[in-house]
Amino acid sequence: MNEQALIHDAQQGNLDAFNTLIIHYQDSVYNTALRILGDEDQAADASQEAFISAFKSITSFRGGSFKAWLMRTVTNACYDELRRQKRRPTTPLEPDSDDGEEMDSPRWLADPNMTPDQKAEADELEHAIQHCLNNLPLEFKTVVIMADIQGMDYTEVATSIRVPLGTIKSRLARARLRLRECLRGFAELLPASFRLEEGNTT
Amino acid sequence: MNQRDVELLSAYLDGELKPSDSARLEARLKTDRELVSVMDDLRAARNLLRRLPQRRAPRNFTLTRKMVGQNPPMPRAYSGFRFATALATLLFVFTFGVNFMASQLAAAPATGMGGGGDVSSFAQEAPAAAEVPATEAPATEAPAELAPMPTQQPPSEDSVRSAETPTGKNGGVGNANGQDQPQVPNEAQVPVSSVWQIALAGIAVFGALFMLLIRQSAFRRWRSKE
């Protein structure tokens, strides 16, 4: 995929070129929205809104990391969604578990060969991490999702959320420490491999 | 151990430190057990997050032209029709305005001649209305003039009143003339004739119809290409 050529064509109004970019980035965008919002339907809506908004404003993209630019669009869409939720809070229809987490079964991107036990472990891990992410302040959560879950470098994260590099470093360090503290409370829920890792590192 | 050290450790794990800062930190890590412990915590949290599996997007988020409000390219004639229609509509509205203003301006001096514009003129309008038979008086008087009667007959009260009316009650008659007479020239002297107005309305309506047809045709061709 020649990303620069596709971006150039999309800037000329070529929707097919932009749709090719969407197919390439839609999993990253959706996962970012999912981790920020913690809800699949809202994440899907925010992702769709983000892509529509991105196409309409693609002429404002002046080069650099397209992924970072796209992530800025999706985080803005998520912030809008969170603001909307604050104004009109809703109650989820899905049954909750004892710790308040929704009991949904996630669809994994890769590894269809996972055994049921492995899937259960992955579910537990995901619920624990999502719970701890939800307890973070929004600005910390966004940084840690981009850097550690999406694997973006500091410069890309700084470009995405338009804050200085030093702020990214500070927020990421504090977010990681808070997450570690929170995840300690879920030690027995975490899969054995993670518990071993915890024992090795502390 | 302070917040600055935590930031350094976090950046060190991501390889975001300058080589000189890295070397300094590594030297401290060899001796400071608390620093090592915090770095292990940071690394554990980072590794957990990185091992979090990615979800597949529940559907394709590809966009349609309708979703982004994209319109098909229009032929050049479309912009021509658009300009003509807009201009004709504007002129059509303008002609109405001009004609209305002209009729108002024509009516204003007419009322000014009769009443003089002061309050007393309004007071005189009532007698004028009450003397409606005065306008009929000449009609009844006419046979008297035509008849071969002696000329020095004393005038009746009615005829005196009618004779006085034009001079003594100028307000009343003036108003009567002002109300009736200017109407005829107003309609005849409108600045823009109704022919022009009909022509402009026709251009506007037909232009809009052509635009609609061109637009529908362009959308049909565009959808068939998708």
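Some values worked out for this structure:
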| read-out | value |
| --- | --- |
| Hits in region A:126-158 - residues which are surrounded by fewer than 18 Cβ atoms within 10 Å (Cβ to Cβ), among the β-branched types (Val, Ile, Thr) and away from chain B (no Cβ under 11 Å) | none |
| Subset of region A:1-38 (residues that are touching a residue at least 60 places away in the same chain (Cβ under 8 Å), away from chain B (no Cβ under 11 Å) and buried (at least 20 other Cβ atoms within 10 Å of the Cβ)) | A:Ile36 |
| Scan of region B:66-76 for residues that are within 7 Å of chain A (Cβ to nearest Cβ) and surrounded by fewer than 15 Cβ atoms within 10 Å (Cβ to Cβ), ordered by number | B:Met67, B:Gln70 |
| Pairs with Cβ under 7 Å, 6+ apart, first in region B:32-50 and more than 7 Å from chain A (Cβ to nearest Cβ) and under 21 Å from B:Arg4 (Cβ atoms), second surrounded by fewer than 21 Cβ atoms within 10 Å (Cβ to Cβ) and among the acidic types (Asp, Glu) | B:Leu35/B:Asp5 |
| Pick from region B:167-226, criterion under 22 Å from B:Thr85 (Cβ atoms) and not in a helix (DSSP H, G or I), ranking: modelled with the lowest pLDDT | B:Val192 |
| Selection within region B:42-81 - assigned to a loop (DSSP other than H, G, I, E, B) and within 30 Å of B:Leu209 (Cβ to Cβ) | B:Thr64, B:Arg65, B:Lys66, B:Met67, B:Val68, B:Gly69, B:Gln70, B:Asn71, B:Pro72, B:Pro73, B:Met74, B:Pro75 |
| Check on A:Met103, modelled with pLDDT under 90 and loosely packed, with under 12 Cβ neighbours inside 10 Å | yes |
| Hits in region B:4-31 (condition: hydrophobic (A, V, I, L, M, F, W, C) and without any contact (Cβ under 8 Å) to a residue 12 or more places away in the chain) | B:Ala11, B:Leu17, B:Ala23, B:Ala27, B:Leu29 |
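The values are calculated or read from the model by the stated rules, or taken from the named source; none is laboratory data. These numbers were taken from a predicted model, which means no experiment stands behind them. Every residue, glycine among them, receives a Cβ derived from its backbone with ideal geometry; neighbour counts consider all protein chains shown.
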